[in-house]
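> Pasting a structure below so you can have a look.
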Amino acid sequence: MAPKVKGVIFDMDGLMFDTERIWDTFWVPCCRKLGLPDPPQAFYSGGRGLAGDGLRAHIAEFYGSAAGELLEEVWRYGDEQFDRGVPCKPGLKELLEYLEQIGLPRIVASSSPKAMIERNLQTTGTARYFHDVVCGYDVDKCKPDPAIFLEAARRIGVDIHDCLVLEDSHNGVRAGHASGAVTVMVPDLMPVTSEMKTLYNFCCKDLYEVRALLEAGTL
């Protein structure tokens, strides 16, 4: 049975690649290099899914005027670490192969810098499956604002209401819902909350389950 959706928009960190856990390991060495205290647990839990000004404001709550320097150091350190490659989430390549077979347009919409997105796609061998990439710098507002998903839909030429948004974070699900897309949460480090249940259309344990719903014509 053919899927109902006509295009698929992928988040990256925590959805395509198991990188959220890796990101968490960057802050301590960068803080210590700059002579800053280690981040408390609230720093990690409160910062998931943030980008742009929202992320900078969150870091500033803990590190004040050193926030900008710390973020730049983390981006630099992350570039070095991700040059070694990143692990794919279970079912990613199988889902991408299926979408390629049936001819649905595919695009990445991530708040990460474009160079980092493209490098991760290249090192994992997944770049060939995507028609385009939208990063946080391509839009004025970051998730939970829907701007990045609306831009992604425009680029692949599919009405946002006919797009499937795949997300793992709370802000990503909020943005997917606000955009009007069919939104599926595939949880990573953030739990499924009562709020999320009111926003997503489906919740899948992994990307294998997403493929199964597409094959069944449920999505």
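> Which of (1) touching a Lys or Arg at 6+ places or on another chain (Cβ under 9 Å); (2) touching a residue at least 40 places away in the same chain (Cβ under 8 Å); (3) open to solvent by 10 Å² or more (accessible area, probe 1.4 Å) does Gly125 not meet, given it meets every other one?
Among (1) touching a Lys or Arg at 6+ places or on another chain (Cβ under 9 Å); (2) touching a residue at least 40 places away in the same chain (Cβ under 8 Å); (3) open to solvent by 10 Å² or more (accessible area, probe 1.4 Å), the lone unmet condition for Gly125 is (2).
> Checking Asp159 against (1) open to solvent by 10 Å² or more (accessible area, probe 1.4 Å); (2) in contact with a Ser or Thr (Cβ under 6 Å, 6 or more places away or on another chain): exactly one of these is not met. Which one?
Single failed check for Asp159: (2).
> Would it be correct to say that Thr193 is on the phi < 0 side of the Ramachandran plot and open to solvent by less than 60 Å² (accessible area, probe 1.4 Å)?
On the way: on the phi < 0 side of the Ramachandran plot: yes; open to solvent by less than 60 Å² (accessible area, probe 1.4 Å): yes.
Spelling it out, Thr193 is indeed on the phi < 0 side of the Ramachandran plot and open to solvent by less than 60 Å² (accessible area, probe 1.4 Å).
> Would you please name the residue that is surrounded by the most Cβ atoms within 10 Å (Cβ to Cβ), looking only at residues in segment 128-151 that are in contact with a Phe, Trp or Tyr (Cβ under 9 Å, 6 or more places away or on another chain) and closer than 21 Å to Leu99 by Cβ? Give the derivation first.
Initially, segment 128-151 is screened for residues in contact with a Phe, Trp or Tyr (Cβ under 9 Å, 6 or more places away or on another chain), giving 130, 134, 143.
Filter once more, keeping what is closer than 21 Å to Leu99 by Cβ: 130, 134.
Numbers: Phe130: 20, Val134: 25.
Looking at the filtered set, the residue picked out is Val134.
> Are any residues in segment 94-122 surrounded by 19 or more Cβ atoms within 10 Å (Cβ to Cβ) and among the β-branched types (Val, Ile, Thr), and if so, which ones?
Ile107, Val108, Ile117
> Now a separate question. Please state which of the following conditions Val165 fails to meet, knowing it meets all the rest: (1) closer than 20 Å to Val5 by Cβ; (2) within 15 Å of the chain's Cα centre (by Cα); (3) open to solvent by 30 Å² or more (accessible area, probe 1.4 Å).
All conditions pass for Val165, except number (3).
> Find all pairs meeting these conditions: Cβ atoms under 6 angstrom apart; at least six residues apart or on different chains; first residue within segment 199-211 and within 13 Å of Lys89 (Cα to Cα); second residue surrounded by fewer than 17 Cβ atoms within 10 Å (Cβ to Cβ) and not small (Gly, Ala, Ser).
That search, which allows pairs on different chains as well, returns Asp206/Pro90.
> Can I ask one more? Look at Arg48 and say whether it is more than 17 Å from Gly68 (Cα to Cα), surrounded by fewer than 18 Cβ atoms within 10 Å (Cβ to Cβ) and of a type in the set (D, E, K, R).
Numbers: more than 17 Å from Gly68 (Cα to Cα): yes; surrounded by fewer than 18 Cβ atoms within 10 Å (Cβ to Cβ): no; of a type in the set (D, E, K, R): yes.
No, not satisfied.
> Which of the residues belonging to segment 17-63 are out of contact with any helix residue (DSSP H, G or I) (no Cβ under 8 Å at 6 or more places or on another chain) and more than 25 Å from Pro144 (Cβ to Cβ)?
Thr25, Val28, Arg32, Gly35
The values are calculated or read from the model by the stated rules, or taken from the named source; none is laboratory data. Bear in mind that the values here come from a model prediction, so they are computed numbers and not experimental data. Reconstructed Cβ throughout: ideal geometry from the backbone, glycine too, with neighbour counts over all protein chains shown. We work out accessible area using only protein heavy atoms, side chains counted, and drop any ligands, DNA or RNA first. Shrake-Rupley method; radii C 1.70, N 1.55, O 1.52, S 1.80 Å.
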